[in-house]
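Read through the structure below, which is laid out as structure tokens, and then see the notes.
The values are calculated or read from the model by the stated rules, or taken from the named source; none is laboratory data. Only a predicted model underlies this, so the values are computations on that prediction, with no experimental measurement involved. Note that we place each Cβ from the backbone using ideal geometry, even for glycine, and neighbour counts take in every protein chain shown.
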Amino acid sequence: MKFKEFENRVVLILIVIFIYSYAIEAILSNNVEMTIPTFFILCSVILFLVLKNNNVKILRLEDYLILTFIIYILIHSIFISEPMEAIKVILGSLAAFFIGRYVNIQRERDYEFIKRIINICGYVLLIAIIINFLNGSNQYRVTVGDTHPVAIGELLGIFSLINLFDEKGISKNKWGITNVIIGLFTMIAIVGSRGAFFSTILSILLFLFVLLPLKKRIYLLLLTVFLIYTYITITTNPYLLTKFPTISRFSLYNIINDPSVTGSHKYIGRFDVYSESIRFFKENPIFGAGINKVYSHNVFLELLATTGIMGFSIMLLFFTTIFLNIKLLIKEKFGFWLICLFLFVFIYRQTSFTLSTSKSVFLFAGMITSLYYYIKNIKKGENK
């Protein structure tokens, strides 16, 4: 193995640990902090490699947009919110974009390596969840330690999708497909993360809709019908409901009437925070109410409510640019697994999480940007 490849693999290992840090620290001990140390180690390693290899990347539109938003929320925090709240968003989410920009995943073996590391973390997580499920007297919504099912659901979604898609399309690896089924079933039957489950399914269907030619989209319709049939069968099967009580969360009745969605005298539901976010935006349409003044569980609503039209416009342009980058990658049939991972976490952020806990969205966006300019440079070279 060449030394440069070794360096890249070290970065990829740290990337996966960074993504799975929330679960790893819960598996090791509730007193172990993984996210912040891994973040600073990762930044230090990348900075060292950049200086060592004289590999300072040319700033592109996407970089300028993120830097503009960082400057905006820092100034914004001085006059409207609190500087510490802006720092939380920068370190908890935005900085991950620049980490992704320095990740090299141009070759198929880079995908295979990162898939292997994610699978290792995924298996450890699955084993921990299953052990807790088998040992626990309360088998409803089992996770690891005190970790929230919403976060664990995201990690299971990443585990499932990287096994379903490879560089060029759907993976034909039988063990990989088995991993997908295990990951999805764990989401629905043990962890009970509805947002992660539906975001995973939706990202798969959307991506296949884009990939398949018009004549073959009938197969996508058949797949959708099959998935709906399977979903109804699982959520109404008395035996499965007895063995896995968490499945009851996925019945249509429980989704519609769940206090976490509709709200109650004890719980603040999604509809409540959506209404509150709209109210904040109406009261402060230009600059918003301030960073982290409301956790909307929807990235765009939170941007509008907390940073106003100014901040929202910057990030809307940023995400539009990322999707244009994705369009080229799809055309060139490159990095399908990464595109689907981004779609998944992006869709998931419309129902869960906050702006300051979206590191995976910006990390994958940075990796997509890096891959986009790599492909674009190759095309330029071919046209000379």
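Things worth noting here:
- Residue check, LEU59 farther than 14 Å from MET315 by Cβ and surrounded by 20 or more Cβ atoms within 10 Å (Cβ to Cβ): no
- Pairs where the first residue, in the stretch 241-255, is in the same structural domain as SER199 (by TED's automatic domain parsing) and the second is among the aromatic types (Phe, Trp, Tyr), C-beta under 6 Å, 6+ apart: PRO245/TYR140; THR246/TYR140
- Total residues in the stretch 9-34 satisfying the condition of being part of a helix (DSSP H, G or I), surrounded by fewer than 19 Cβ atoms within 10 Å (Cβ to Cβ) and without any contact (Cβ under 8 Å) to a residue 60 or more places away in the chain: the figure is 2.
- Only one entry in ILE190, ILE80, ILE130, ILE170 is among the hydrophobic types (A, V, I, L, M, F, W, C) and farther than 30 Å from ILE255 by Cβ, namely ILE80.
- Scan of the stretch 248-273 for residues that are among the basic types (Lys, Arg) and either more than 25 Å from the chain's Cα centre (by Cα) or not in a helix (DSSP H, G or I) (or both), ordered by number: LYS266
- Checked against the criterion of being outside any loop (DSSP other than H, G, I, E, B), over 17 Å from the mean Cα position of the chain (by Cα) and among the hydrophobic types (A, V, I, L, M, F, W, C), the candidates LEU363, LEU338, LEU328, LEU343 yield just one match: LEU328.
- If you filter the stretch 35-54 down to residues that are in contact with a Leu (Cβ under 7 Å, 6 or more places away or on another chain) and either exposed (fewer than 12 other Cβ atoms within 10 Å of the Cβ) or aliphatic (A, V, I, L, M) (or both), you find that the one that is farthest from VAL11 (Cα to Cα) is ILE41.
- Qualifying residue in the stretch 37-48 (condition: closer than 21 Å to ALA365 by Cβ and of a type in the set (Ser, Thr, Tyr)): yes
- When GLU302, GLU276 are screened for being closer than 30 Å to TYR372 by Cβ and part of a helix (DSSP H, G or I), only GLU302 passes.
- Condition met for ALA289 (at pLDDT below 95, in the same structural domain as VAL361 (by TED's automatic domain parsing) and farther than 19 Å from GLU62 by Cα): yes
- Filtered residue count, the stretch 119-136, keeping only those that are out of contact with any Leu (no Cβ under 9 Å at 6 or more places or on another chain) and among the hydrophobic types (A, V, I, L, M, F, W, C): 8
Residue-by-condition table, conditions (1) closer than 16 Å to PHE336 by Cα; (2) of a type outside the set (Val, Ile, Thr); (3) over 18 Å from the mean Cα position of the chain (by Cα):
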position: PHE97; (1), (2), (3): no, yes, no
position: ASN104; (1), (2), (3): yes, yes, yes
position: ARG109; (1), (2), (3): yes, yes, yes
position: ILE129; (1), (2), (3): no, no, yes
position: ARG141; (1), (2), (3): no, yes, yes
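- Checking every residue in the stretch 160-168 against the condition of being closer than 25 Å to ARG9 by Cα, modelled with pLDDT under 90 and loosely packed, with under 15 Cβ neighbours inside 10 Å gives at least one match.
- Residues in the stretch 196-247 that are closer than 24 Å to GLU332 by Cα and in a loop (DSSP other than H, G, I, E, B): LEU212, PRO213.
- Any chance GLY269 is of a type in the set (Gly, Ala, Ser) and at pLDDT 90 or above: no
- The sole residue among ILE80, ILE66, ILE117 that is in contact (Cβ under 8 Å) with a residue 12 or more places away in the chain, surrounded by 17 or more Cβ atoms within 10 Å (Cβ to Cβ), of a type in the set (A, V, I, L, M) and assigned by TED's automatic domain parsing to the domain that holds GLY169 is ILE117.
- For GLU62, the test of being farther than 23 Å from VAL294 by Cα and at pLDDT 90 or above is passed.
- Any chance ILE181 is within 25 Å of ASN254 (Cα to Cα) and either in contact with a helix residue (DSSP H, G or I) (Cβ under 6 Å, 6 or more places away or on another chain) or buried (at least 18 other Cβ atoms within 10 Å of the Cβ) (or both): no
- Residues within the stretch 194-234 that are within 28 Å of ARG141 (Cα to Cα), β-branched (Val, Ile, Thr) and without any contact (Cβ under 8 Å) to a residue 24 or more places away in the chain, tallied: 6
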